[in-house]
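Notes to accompany the following structure.
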Amino acid sequence: MKISMSGTLFALSSALDHVESEVFGVTTHHAKRVAYLCIRMGMELGYAPAQLAALAGAAVMHDNALTEYIAARREMDDSFSLDSIALGPHCEMGERNMSRLAFYENVRGAVLYHHENADGSGPFHKTAAVTPKFAQLIHVADQLDNTFHLDSVSEQKYEELLRWLTENSGKLFDVSLFELFRQSVPYSELKRMEGDGISALLEESLPVYSQEYNSDTVLSFATVFAKITDYKSHFTSAHSLGIAEKSAAMGRFYGEDADTCTKLYLAGALHDIGKLTIPNEILEKPDKLTDKEFAVMKTHAGASYEILKNLTDLPDVVAWACLHHEKLDGSGYPFGKTAAELDRNERLLCCIDIYQALTEARPYKDGLSHSEAINILRDMAREGKIDAKITEDIAVCFKA
């Protein structure tokens, strides 16, 4: 399958930003700004385009394991709060996720050590002399955007930033990084990064390479993002992975080729990525949602579309993933599409999403049996909500 891995990661970076915003208070496009600052410094260091692409990919993914870490801590301690996040464990989890991605060998240690301080006071006590350069670049870019909120800049803020870098040289950052940053990111460049302009800057600075990836590589990538979404709420800790696996299984049931089955897995893995934008007090509510809360919950489908629509290499995957709450009679959301506007795989993801939700155990309900879930799907099919043929195919495919 031919896709642009860096372009795909940039498109998904806004989902990771929502998690970092909830945890650290970062502003919109944080991951892209970190990536762009790293690219600018990498260019000054003379990195080749392939190195820059790998560095940018690691920068976008630098805090990919925050949801996983928070879920693990809450599992151990109900009183855990976001104020007590330990840097080391989430870096280790993030590095493990990175090891599943195609470009990992080029960025080994970049995520694991991106919170290391030059004087050895970081979580793993590594000094600048033994910390990978990519990790150092991500560290300085991440800290600058966290500290100075670079979605909006002024000459005064830039001067304050440079003073802060000077004060922390030899402590947080290697002494060489001050001059590297000053040379590669003048005020005029920082000004160009404001607001939504960062997306265009990334496209300009880093050519998007579309490469052929085998199914195993794409499946590993999809699994990483399914876990990021699923860890957002322990109520649905394997929901996206379950839908990914069942979607691919249905593709095989229909005799689809390997690429189509891989795309179905990817669509299932990404279908709920918009839930990263939903506050945890709604996602984690053990009781029935109020009308107002349900209205907020429904926005995840539109958010998924806004996040995924820039996956220009995979328009079919985007449609299959983002239309999983549409209904044949037009009563679904976010677009209110009707039967004539929904192809088989769009209908398929809808049916599988319902089946998976019905058969999953949640803290407030037991999972239904296969036959009980199929009976509910048949009722919905008779009401004109979902596809009757696909319902019967699911009944056959997943019969114990």
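Descriptive notes on the structure:
- Scan of the stretch 56-69 for residues that are out of contact with any Leu (no Cβ under 7 Å at 6 or more places or on another chain) and of a type outside the set (S, T, N, Q), ordered by number: ALA58, ALA59, HIS62, ALA65, LEU66, GLU68, TYR69
- Residue that is modelled with the lowest pLDDT, among those in the stretch 1-31 that are assigned to a helix (DSSP H, G or I) and open to solvent by 30 Å² or more (accessible area, probe 1.4 Å): PHE24
- The residue of the stretch 47-67 that is farthest from TYR231 (Cα to Cα), among those that are open to solvent by 20 Å² or more (accessible area, probe 1.4 Å) and not small (Gly, Ala, Ser), is TYR47.
- Scan of the stretch 343-363 for residues that are closer than 18 Å to LYS298 by Cβ and among the hydrophobic types (A, V, I, L, M, F, W, C), ordered by number: LEU349, CYS350, ILE354, ALA357
- Being of a type in the set (Asp, Glu), surrounded by fewer than 18 Cβ atoms within 10 Å (Cβ to Cβ) and under 20 Å from THR223 (Cβ atoms) is a property that holds for GLU92.
- So CYS38, is it hydrophobic (A, V, I, L, M, F, W, C), buried (at least 24 other Cβ atoms within 10 Å of the Cβ) and free of Cβ contacts under 8 Å to residues at least 40 places away in the same chain: no
- Residue list for the stretch 180-202, filter: under 19 Å from the mean Cα position of the chain (by Cα) and open to solvent by 20 Å² or more (accessible area, probe 1.4 Å): ASP196, SER199
- Matching residues in the stretch 344-391 - criterion: being out of contact with any strand residue (DSSP E or B) (no Cβ under 8 Å at 6 or more places or on another chain), surrounded by fewer than 21 Cβ atoms within 10 Å (Cβ to Cβ), in contact (Cβ under 8 Å) with a residue 12 or more places away in the chain and among the acidic types (Asp, Glu): GLU346, GLU360, GLU372
- Boolean, LEU87 is open to solvent by less than 10 Å² (accessible area, probe 1.4 Å) and not small (Gly, Ala, Ser): no
- Looking across the stretch 73-91, the residues that are of a type outside the set (Lys, Arg) and either without any contact (Cβ under 8 Å) to a residue 24 or more places away in the chain or touching a Cys at 6+ places or on another chain (Cβ under 6 Å) (or both) come down to MET76, ASP77, ASP78, SER79, PHE80, SER81, ASP83, SER84, PRO89.
- Within the stretch 35-52, tally of residues that are more than 15 Å from SER199 (Cα to Cα) and either touching a helix residue (DSSP H, G or I) at 6+ places or on another chain (Cβ under 7 Å) or modelled with pLDDT of 95 or more (or both): 9
- Residue match in the stretch 324-339 (condition: in a helix (DSSP H, G or I), surrounded by fewer than 16 Cβ atoms within 10 Å (Cβ to Cβ) and not basic (Lys, Arg)): yes
- Which numbered condition GLY255 fails, given (1) in a helix (DSSP H, G or I); (2) over 25 Å from TYR231 (Cβ atoms): (1)
- Against the criterion of being open to solvent by less than 10 Å² (accessible area, probe 1.4 Å) and either farther than 20 Å from ALA135 by Cβ or at pLDDT below 80 (or both), GLU75 does not qualify.
- Any hit, the stretch 319-329, residues being aromatic (Phe, Trp, Tyr) and under 18 Å from LYS246 (Cβ atoms): yes
- In the stretch 263-286, residue surrounded by the most Cβ atoms within 10 Å (Cβ to Cβ) [restricted to those that are more than 23 Å from ASP313 (Cβ to Cβ) and acidic (Asp, Glu)]: GLU284
- Residue check for SER304: modelled with pLDDT of 95 or more and among the hydroxyl-bearing types (Ser, Thr, Tyr): no
- Matching option when the condition is open to solvent by 60 Å² or more (accessible area, probe 1.4 Å), on the phi < 0 side of the Ramachandran plot, polar (S, T, N, Q) and in a helix (DSSP H, G or I), among THR312, THR299, THR260: THR299
- Looking only at residues in the stretch 264-278 that are in a helix (DSSP H, G or I) and of a type in the set (Val, Ile, Thr), the one that is modelled with the lowest pLDDT is THR277.
The values are calculated or read from the model by the stated rules, or taken from the named source; none is laboratory data. Treat the numbers as computed from the prediction; the structure is a model and nothing was measured. FYI the Cβ positions are ideal-geometry reconstructions off the backbone, even for glycines, and counts take in every protein chain you see. Remember, those area values only see protein heavy atoms, side chains included, never the ligands or the DNA or RNA. Shrake-Rupley method; radii C 1.70, N 1.55, O 1.52, S 1.80 Å.
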